[in-house]
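Below is one structure, written out as structure tokens, with a few remarks after it.
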């Protein structure tokens, strides 16, 4: 019997994953990860770990599998929370869920599982794993979940071959309604439980209040930039090479205070992110204001009216070499090579046609269509059909 250690979160997905593994004849052990202690920053009772760990324990009891709690809050603070603070401070917008999978669930947690003699680690993610044999060597594939509404492959876009080798995703071939039906049929306490939202393991937080633990409020101005600004309407220069064109298109405009009018005040540019609409508290505009850029050095937020403001739209982004990651290392591009792919810059975004261009310093991702709010610090992930091939942090 192969031993599988499953991260039981107290939700319906991991509960059903544990049940299915047991049905398949694995020896299953449930582990609940306690990664956060400070409930003062969570909104209401959105993700109280106590209730979750209790539900996880009741599910384990119902399934007749051993259960224990592991406290990973120290590693979570170091690797996720501190990283978040430092990224926001730089004016970038991190994705803690992607990092949480790479750094916590499939690293720290996986190490603990292996020490407990596990052959595999399982989670309740909506994605699938494939295996190919090339030149006598097994290569693992990360495939999107069958349920298009719930596909979570994007959140696992930073996994390595070594991590995938030991991973199991028991519910990836099911839809959410099917998962709930199985939970009901097995009388699991989590069958009707709502999905948790917000930060991985912390729950729903008031982000400014959460960030204020380390990033102090600092009053600054909100500037509205008109879509007639010359930078948006300057004819494109002629370029001697495709590379020069890509470099030009990947650069965001540089704004100055004189490029618009002051329309309000804010409590810290580092609390805001590109594309954000809520929290600006500025009224009286024909169309809603969206953040088009933040300047954390000068503490200025630049905004524009409407979701089609030219300050929000670009079709090329860059990933620097040290932030580039291939799940399929055998398909990684060499300098000068290109690849046609489908890509997304955020979870749940429909896949977009794009071309990858490998250069010495990293990788350009050129989309066929304009993309809204390409945000530094977020992840771009690229696919071939159902398979996620690689990802990178947007520079």
Item checked: Matching option when the condition is within 25 Å of the chain's Cα centre (by Cα) and within 30 Å of residue 287 (Cα to Cα), among 249, 215 -> 249
Margin query: If residue 300 satisfies all but one of (1) within 21 Å of residue 228 (Cα to Cα); (2) surrounded by fewer than 18 Cβ atoms within 10 Å (Cβ to Cβ); (3) touching a strand residue (DSSP E or B) at 6+ places or on another chain (Cβ under 6 Å), what's the number of the condition it fails?
Written below: (2)
Next item on the list: Name the one entry in 379, 290, 367 that is crowded, with 18+ Cβ neighbours inside 10 Å, outside the structural domain of residue 167 (by TED's automatic domain parsing) and under 19 Å from the mean Cα position of the chain (by Cα).
Entry: 379
Notebook entry, point to check: Under 9 Å by Cβ, and 6 or more places apart or on different chains, what pairs join a residue from the stretch 99-122 that is at positive phi with one that is surrounded by fewer than 20 Cβ atoms within 10 Å (Cβ to Cβ)?
Noted result: 117/3
Next item on the list: Could you list, in sequence order, all residues of the stretch 323-338 that are free of Cβ contacts under 8 Å to residues at least 40 places away in the same chain and either part of a strand (DSSP E or B) or surrounded by fewer than 16 Cβ atoms within 10 Å (Cβ to Cβ) (or both)?
Entry: 334, 335, 336, 337, 338
Check: On the given criteria, is residue 148 assigned by TED's automatic domain parsing to the domain that holds residue 96, assigned to a loop (DSSP other than H, G, I, E, B), under 16 Å from residue 347 (Cα atoms) and free of Cβ contacts under 8 Å to residues at least 60 places away in the same chain?
Finding: yes
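Conditions (1) crowded, with 19+ Cβ neighbours inside 10 Å; (2) in the same structural domain as residue 17 (by TED's automatic domain parsing); (3) under 19 Å from residue 20 (Cβ atoms); (4) in contact with a helix residue (DSSP H, G or I) (Cβ under 9 Å, 6 or more places away or on another chain), marked per residue:
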{"position": "93", "(1), (2), (3), (4)": "yes, yes, no, yes"}
{"position": "110", "(1), (2), (3), (4)": "yes, yes, no, yes"}
{"position": "136", "(1), (2), (3), (4)": "no, yes, no, no"}
{"position": "139", "(1), (2), (3), (4)": "no, yes, no, yes"}
{"position": "157", "(1), (2), (3), (4)": "yes, yes, no, yes"}
{"position": "160", "(1), (2), (3), (4)": "no, yes, no, yes"}
{"position": "175", "(1), (2), (3), (4)": "no, yes, yes, no"}
Notebook entry, point to check: From the residues in the stretch 44-67 that are farther than 17 Å from residue 187 by Cα and surrounded by fewer than 12 Cβ atoms within 10 Å (Cβ to Cβ), which one is modelled with the highest pLDDT?
Noted result: 50
Notebook entry, point to check: Which numbered condition trips up residue 314, out of (1) surrounded by fewer than 20 Cβ atoms within 10 Å (Cβ to Cβ); (2) assigned to a strand (DSSP E or B); (3) under 19 Å from the mean Cα position of the chain (by Cα)?
Noted result: (3)
Notebook entry, point to check: Of (1) crowded, with 20+ Cβ neighbours inside 10 Å; (2) modelled with pLDDT of 90 or more; (3) out of contact with any helix residue (DSSP H, G or I) (no Cβ under 7 Å at 6 or more places or on another chain), residue 101 satisfies all except one. Which?
Noted result: (3)
Note to self: If I filter the stretch 292-309 for residues that are closer than 15 Å to residue 383 by Cα and modelled with pLDDT of 95 or more, do I get at least one hit?
What the structure shows: no
Checklist line | Verdict on residue 88 being under 17 Å from the mean Cα position of the chain (by Cα) and at pLDDT below 95 | finding: yes
Next item on the list: Being assigned to a strand (DSSP E or B), touching a residue at least 40 places away in the same chain (Cβ under 8 Å) and buried (at least 17 other Cβ atoms within 10 Å of the Cβ) is the filter here, so list the residues in the stretch 343-361 that pass it.
Entry: 343, 344, 357
Check: So is residue 192 modelled with pLDDT of 90 or more and either out of contact with any strand residue (DSSP E or B) (no Cβ under 8 Å at 6 or more places or on another chain) or in a loop (DSSP other than H, G, I, E, B) (or both) or not?
Finding: yes
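The values are calculated or read from the model by the stated rules, or taken from the named source; none is laboratory data. On a predicted model such as this, the values are computed, not experimentally measured, just so you know. A quick note on method: Cβ atoms are made from the backbone with ideal geometry, for glycine too, and the neighbour counts reach across all protein chains shown.
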